[in-house]
Amino acid sequence: MKRLVTTALTVGFLATAGCSGGGSPSPAETRHPGGAPLSPPAVTASPTVSSLNSASLPLDRYLTTVDEFIELNYASKLMTSECTKRFGITWNPGERLKLLASRDRTNDLGLVDEAQAARLGYHMDPALYSKHDKKYNPDPTPAQELILFGDRAGKSGNRDIPKEGCMGEGYRKVGWNTDDDVWLQDLVNDAKARAFADQRAVALMAGWSTCMRESGYRYDTVDDANNDQRWWKDESAPATAAEKNTAVADVRCKKKLNYLGTMTSILVAYQQQIVERDLERLESVRAGTQQALKNAAAVLGGR
């Protein structure tokens, strides 16, 4: 069973789908990707938030949605398959991804679902996980890898291999710039890391630690509880009673302190700063994604 992602990182679709993606920033990070330092923003209110799924975050309107990503990914794979035929290779594009876990951000700021805590502790719900290990193709030979992924000077027979191989051609045929998605995910992770490094979040964490201590548990941060090595000696094993009890106490302390509402308000403030700073590029990236989606629809042709 998989563990919940720690608070410093939100995993993007590219990583979830097994593609390359950006790394997570350190919680101490104080710069957003490519930008100058930003001062801690004002936070005017800490509303009660029932779920992060229903919260409107400033970067949401610029991010590739799960359904959009699935269509872009599948169309690109179909184009990759067409490309490989030119080199005498049959490459199966497989099926559309499901990415069920990516549709749910309930616990993106830390475990807050008490029912899940009681049932699974800090483990993620296996029902949300698509299987990405299904093999549609045999392991490629070195020559086939060259065709699929490319090489600076590589050729196959008398035909030039496309830049970044047939995979790269597949993306270009759709007009999907995956580097833009990596950049967007970097922004999401940067805002999140800076939100948790904010002094208001640090104070909130101290209050949570005190509450947990009063309940008989000694942890400095929510990540310390999530990553307690006792829970992960065998990551394939289900949660123990001790883990579940700890997780329930964790969630109850968060509720007592309006943890989710406070952290959401801090995160919104940091995301809004980034939107204002990078608005021109964000609008350009979104326009590019919209065009890529039109191209993908033409490739898919109702499939």
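Extending 7 Å from the Cα toward the beta-carbon at both E114 and D67 defines two label points whose distance is 3.3 nm. Under the rule a/c < 1.5 gives rounded, and otherwise a/b versus b/c splits prolate from oblate, where does the stretch 36-137 land using the Cα gyration tensor? Here the stretch 36-137 falls in the oblate category. Each residue of the stretch 257-267 was assigned a 3J(HN,Hα) from its phi angle through the Karplus curve 6.51 cos²θ - 1.76 cosθ + 1.60 (θ = phi - 60°); the sequence is 9, 6, 4, 5, x, 5, 5, 5, 5, 5, 4 Hz, with glycine and proline shown as x. Distance between the 7 Å Cα→Cβ label points at T141 and A45: 6.6 nm. With R₀ set to 41 Å, the beta-carbon distance separating R200 from E95 gives a calculated FRET efficiency near 0.35. Any idea what the relative contact order of the stretch 59-300 is, in percent, if you count C-alpha pairs under 8 Å spaced at least 6 apart? Reported relative contact order: 31 percent.
Ordered by the number of other Cβ atoms lying within 10 Å of each residue's own Cβ, fewest first, E214, E114 fall into the sequence E214, E114.
Estimated from the Cβ-Cβ distance and a Förster radius of 45 angstrom, the FRET efficiency linking A242 and R303 is about 0.40. Along the stretch 114-128 the Karplus relation, 6.51 cos²θ - 1.76 cosθ + 1.60 evaluated at θ = phi - 60°, assigns HN-Hα couplings of 5, 5, 5, 4, 5, 8, 10, x, 9, 7, 7, 5, x, 5, 8 Hz to successive residues, with x for each Gly and Pro.
We did not get these values from a lab; they are worked out from the coordinates using the rules stated. Everything quoted here is computed from the prediction, not taken from an experiment. Note: ideal-geometry Cβ built from the backbone for every residue, glycine included; neighbour counts use all protein chains shown.
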